[in-house]
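To keep things clear, I will list the structure first and then write my remarks on it.
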Amino acid sequence: MLETSPLETFLRGVAILLVILFFMFPIFWIVLMSFQTNETILRIPPSFIFEPTFDNYRALITGKLETNAASLDIAFMRNMGNSVLLSVGAVLLALILGVPAAYSFARHKTRFSEDIAFTLLSFRFAPPLLVLLPLTIYFQKLGLSDTYFGLIWVYQLICLPLILWIVRGYFEDISEDVEYAYRIGGHSWFETFRKIAVPLAGPGIAAAGLLAFIFAWNNFIFALVLASADKQPVTVGALAFVTASGIQYGQIAAAIVLSITPTLLLAVYAQKYLVEGLSLGAVKG
Amino acid sequence: MSTSQLQLHRVDKIYGVASTGVHAVKDLSMQVNAGEIVALLGSSGCGKTSTLRMIAGFEEVSSGSIEINGTPIHQLPPVRRNVAMAFEGYSLYPPLTVRDNIAFALKSAKLAKSEIASRVAHVAQLLEIENILDRYPVSISGGQQQRASLGRALIRDADLHLLDEPMGQLEPQLRAVLRARIKHFIKERGLTAILVTHDQTEANALGDRIAVMEAGLLQQYDTAAHLKNSPANLFTGTFIGEPPMNVFAASVELHDNSVHLLLAEAVTLVYASSEFDPRVLERIAGVKKLMLGIRPYAVRRAASGVVATVVANQWLGDQTHISTSFAGSNLVIVEHDRVRLNKGDEISVAIAADDLHLFDSETWVALSHGRNVA
Ligand SMILES: Nc1ncnc2c1ncn2[C@@H]1O[C@H](COP(=O)(O)OP(=O)(O)OP(=O)(O)O)[C@@H](O)[C@H]1O
Ligand SMILES: [Mg+2]
């Protein structure tokens, strides 16, 4: 072990604290906002001292938004449900399609495999707005617009390239001979894929899945255009807080806090896999 | 007991496209009889592993065919070839313990639990890995992984066992012990095996026959004694044997009753014609330039003869290696006693006709061994 002087330890602590403050401040501020009324939020100068209120959360959970002018219904909890459904559905679909595809790209190199893989990745380069208009027209023709199925299909386009490219790297890192050893031990390639390759790439698949989930969860534009109110996710649902009588900052903040909670919990839970997954070495035979 | 005969027929392996790729195995034909152990010997990169991988089905043959018991297998998937393999890189499956790694092929063959347990115990004892059976591959040493991987191959009832440098990581003492045990194990069960090794002692001890490969070509496929006494070409001649064969370029002069071999620096070796089979004389008469090979232990110090100058003298504990300068080149002499000679000493050496190996200097093909035609 290298010796570190107390001063060095202290300076390091300060540096880390500064970094944390810098990155966490917006989130911290939003959390504070979510416990305030619009009046305390908007006062000048802003202050950390206020009387906390749970009104914002209550309004979101009960679905009744009380403004100074009127009381209106909001569908926040429904939006949350939609977000979960769309993101989970899209990630699952992308995993089912993407993991075998990634394996095939990693193991069976043909003349065109690199081109095909790149084409799939290039979906990510296209600006969503450019894709939206044709997509809307197709969806109307196919009767897919404003269906969960159609939305998951579109969301899955966001997840698939990510999963494909990340997981492919993990498969490439597994020694082929480990798989061959299993195959000559009396197993088909599919058994080998299921019992050897997938478990060994497990941390990587988890990491890719989580990342894809975050991307899907945060998507805004596709859902805005392709879904009607009752199928919209939180990202779009939050628009409801911009009301005729003003912007409901407190509720927006509470909505943000609630909507980042699932991803945050997932990330904390999957942290072990993420670290394992990102430090590759674990899967080398 | 399932043992069987393997037949490779004109097998080629080219990695990548035919024109620019690596031609790793060239026109390889060989046969391994049922119950035979064949040692595959050759320098690094000569195509040994590629050959095994084609037999096991991890690489396709670029051309040619592979048969086991007369049935072509080179187009079957690995699972249907019934071949066991110990990998050069061990390739143990990290999430399984050593025990489960060794046993998984038996489990998938649906053997009874008790049968599996007793076989694993036997193999583990054989390879001295009983104490690590419940450890995971990451937590054991390279040599232990190698033995686990060897165990995983040996335990199976396959038609053919392919062992790719199965003991490379082990110390010589353990290797010597395991060598004997493995040979006994294989022979007792009548298994058929191909063993890749860099260790000639291992090849001699384990192999019924030895296949020598170089640059993708099978150079010679024979018993250890034949490889040593009648190398088919200059490559096998110099590759087999430690220290390697001394080689000199020579030209031939045939006189009425004698044969003169003219070496560099006006050194001439003279033999009576009667010391050679007439067909040898006939053959070398047509080849003016040849290569002369002499095994280090075949060179004798004599009262009279040609002169060599000592360059270095090393006692290795059981033999002396005398390195001398002779005919513009290096001549190594091995003696079994401790010899006191110093740098610069001149010694007379005699080389018997029986110990001469003559090769064509262009094609490297052997012309004669001792008095006989090759
Ligand atoms: N997958 C591959 N792609 C391209 N070239 C390869 C591949 N595998 C092996 N080669 C080449 O083929 C030749 C033979 O390789 P091989 O692994 O069969 O050698 P080897 O005799 O087993 O050597 P070693 O004793 O070092 O293990 C080498 O030149 C090697 O670089
Ligand atoms: Mg090799």
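Between the residues A:Ala59, A:Trp29, B:Val259, the greatest Cα displacement towards the positive end of the dipole of the protein assembly as shown, with unit charges on the Cβ of Lys, Arg, Asp and Glu, is found for A:Ala59. Label separation (B:Arg300 vs B:Asp27): 4.2 nm, computed from points 7 Å beyond Cα along the C-beta direction.
Counting heavy atoms of the protein chains alone, B:Thr201 has an accessible area of about 80 Å² for a 1.4 Å probe.
When the label point is put 7 Å from the Cα of B:Ala34 along its Cα-to-beta-carbon vector, which residues of segment B:153-168 have a backbone N closer than 14 Å? Zone members listed by number: B:159-160. Net charge in the neighbourhood of B:Leu174 (other residues with Cβ under 11 Å of its Cβ; Lys, Arg +1, Asp, Glu -1) is +2. Residues considered: A:Ile96, A:Ile196, A:Ile20. Largest GNM mean-square fluctuation over chain A, using C-alpha springs under 10 Å, is found at A:Ile20. Charged side chains reduced to their Cβ positions (Lys and Arg at +1, Asp and Glu at -1) give chain A a dipole of some 480 debye around its Cα centre.
For a straight C-alpha distance cut-off of 29 angstrom, the lysines reachable from B:Lys48 (same-chain residues fewer than eight places away being disregarded) are A:Lys109, A:Lys284, B:Lys13, B:Lys26, B:Lys183, B:Lys187, B:Lys228.
Annotation for B:Lys187 and A:Lys272: the two label points, set 7 Å from Cα along the Cα-Cβ direction, are 5.2 nm apart. On the basis of the beta-carbon distance and an R0 of 51 Å, B:Ala109 and B:Glu362 show a calculated FRET efficiency of 0.45. How big is the gap, in Å, between the Cα center of segment B:314-339 and the Cα center of segment B:189-245? Each part reduced to its Cα centre gives a spacing of 24 Å.
Just to confirm the filter: which trypsin sites (Lys or Arg not before Pro) across segment B:65-139 are DSSP coil and have at most 14 other Cβ within 10 angstrom of their Cβ? Qualifying residues, ordered by number: B:Lys110.
Debye-formula intensities of chain A, expressed as log10 I(q)/I(0) at q = 0.10, 0.13, 0.16 Å⁻¹, are -0.72, -1.02, -1.23 (one equal scatterer per alpha-carbon, no solvent). Running a GNM on chain B with Cα contacts under 10 Å, which residue among B:Leu76, B:Leu290, B:Leu281 ends up with the highest mean-square fluctuation? Looking only at B:Leu76, B:Leu290, B:Leu281, the largest GNM fluctuation is found for B:Leu76. So, R0 is 45 Å and r is the distance between the beta-carbons of B:Ala264 and B:Tyr15; what FRET efficiency does that work out to, to 0.05? It comes to 0.65. Within the shell of other residues whose beta carbon sits under 10 angstrom from the beta carbon of B:Gln200, the net charge comes to -2, with Lys and Arg scored +1 and Asp and Glu -1.
Computed on the Cα atoms alone, the convex hull of the protein assembly as shown gives a volume of 270 cubic angstrom per residue. Computed 3J(HN,Hα) for segment B:123-129, one whole-Hz value per residue from the Karplus formula 6.51 cos²θ - 1.76 cosθ + 1.60 where θ = phi - 60°, is 5, 5, 5, 4, 9, 6, 10, glycine and proline marked x.
Report the calculated FRET efficiency for A:Ser113 and A:Met24 (r = Cβ-Cβ distance, R0 = 51 Å), to the nearest 0.05. Working from the Cβ atoms, E equals 0.75. Between A:Leu129, A:Leu121, A:Leu160, the Gaussian network model of chain A with springs among Cα atoms under 10 angstrom shows the greatest mean-square fluctuation at A:Leu129. Of the three principal axes defined by the Cα atoms of chain B, the extents in descending order read 76, 46, 38 Å. Here each label is just a point 7 Å from Cα along the line to Cβ, and for B:Ala225 and B:Tyr271 those points are 2.2 nm apart.
The values are calculated or read from the model by the stated rules, or taken from the named source; none is laboratory data. Values in this document were obtained by computation on a predicted structure and should not be read as measured data. Neighbour counts run over all protein chains shown; Cβ positions are idealised from the backbone, glycine included. The accessibility values were calculated without ligands, DNA or RNA, using every heavy atom of the protein model including side chains. Shrake-Rupley method; radii C 1.70, N 1.55, O 1.52, S 1.80 Å.
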